[in-house]
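Asker: Sharing a structure, written as structure tokens. Questions coming.
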Amino acid sequence: MMTHVEHGFGPVWDATSRVLILGSMPSPKSREFGFYYMHPRNRFWPVMEALFADQRDPSDTVGNTADSRRAFALRHHLALWDVIASCDIVGASDASIRNAVPNDPAPIVCGAPICQIVTTGSKSAQLYRQLIEPILVQHGIDIPMIQLPSTSPANAAMRLNDLIAVYRAAFRHANLTE
């Protein structure tokens with residue numbers, strides 16, 4: 001059943017954020033928790049931990065709470081938000097998204113040294129190009145965007161190790177990881 005949803009929570013970023021990661025719209029589970037990628041089978045946080053956690057520091061983990069994940073993102077200079085502020089959607093199905101209203105990331109990219117924008121999935125990339133890129137152009141902002149695969153459990157074609165490899169290559173290409 002198609003439902004109109006509002007994003008429900010704002011972006012995560014600070015003045016040291018270097019990459020802006022944009023999804024499409026939070027899943028019902030993420031909206032329930034009020035934070036990004038909170039569905040227990042979503043592989044976003046395991047990918048981020050594999051890429052950014054300091055292996056010498058056993059406390060540098062993403063944890064299981066919104067607070068621990070927010071702290072991890074900020075500690076590693078990651079900004080999180082979504083392309084869409086509101087839309088009509090069936091459950092968590094990106095394919096069903098209709099009547100999307102965009103967020104405006106200009107305050108983030110003007111307030112932090114963002115050098116790369118990353119979209120997580122084809123729908124977020126499509127909506128970024130359609131809705132967000134024109135907003136940034138109006139502000140005179142030209143930051144490259146990389147489309148990465150969705151970490152959603154619906155993307156069963158990619159195993160966790162495959163996702164880690166693709167994300168690592170993209171972040172390395174943007175000089176965001178070693």
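Asker: Which one is nearest to T16 (Cα to Cα), of the residues in the stretch 134-155 that are more than 15 Å from the chain's Cα centre (by Cα) and open to solvent by 80 Å² or more (accessible area, probe 1.4 Å)?
Answerer: Here the residue is D142.
Asker: For V62, indicate whether it is touching a residue at least 60 places away in the same chain (Cβ under 8 Å) and either touching a helix residue (DSSP H, G or I) at 6+ places or on another chain (Cβ under 7 Å) or of a type in the set (K, R) (or both).
Answerer: No; evaluated as a whole, the condition is false for this residue.
Asker: When the residues of the stretch 1-35 are filtered to those that are of a type in the set (S, T, Y), part of a loop (DSSP other than H, G, I, E, B) and out of contact with any helix residue (DSSP H, G or I) (no Cβ under 6 Å at 6 or more places or on another chain), which remaining residue is modelled with the lowest pLDDT?
Answerer: The selected residue is S27.
Asker: Among the residues of the stretch 53-103, which ones are open to solvent by less than 20 Å² (accessible area, probe 1.4 Å) and under 15 Å from T3 (Cβ atoms)?
Answerer: Of everything in the stretch 53-103, those that are open to solvent by less than 20 Å² (accessible area, probe 1.4 Å) and under 15 Å from T3 (Cβ atoms) turn out to be I84, S86, C87, I89, S96, I97.
Asker: Evaluate the stretch 39-47: report whether one residue or more is open to solvent by 10 Å² or more (accessible area, probe 1.4 Å), among the basic types (K, R), in contact with a Pro (Cβ under 6 Å, 6 or more places away or on another chain) and not in a strand (DSSP E or B).
Answerer: Yes - at least one qualifying residue is present in the stretch 39-47.
The values are calculated or read from the model by the stated rules, or taken from the named source; none is laboratory data. Given the structure is predicted, the values throughout are model-derived calculations rather than measurements. So basically every Cβ, Gly included, is an ideal-geometry build from the backbone, and we count neighbours across all protein chains shown. In case anyone asks, the SASA skips ligands and DNA or RNA and just uses the protein heavy atoms, side chains included. Shrake-Rupley method; radii C 1.70, N 1.55, O 1.52, S 1.80 Å.
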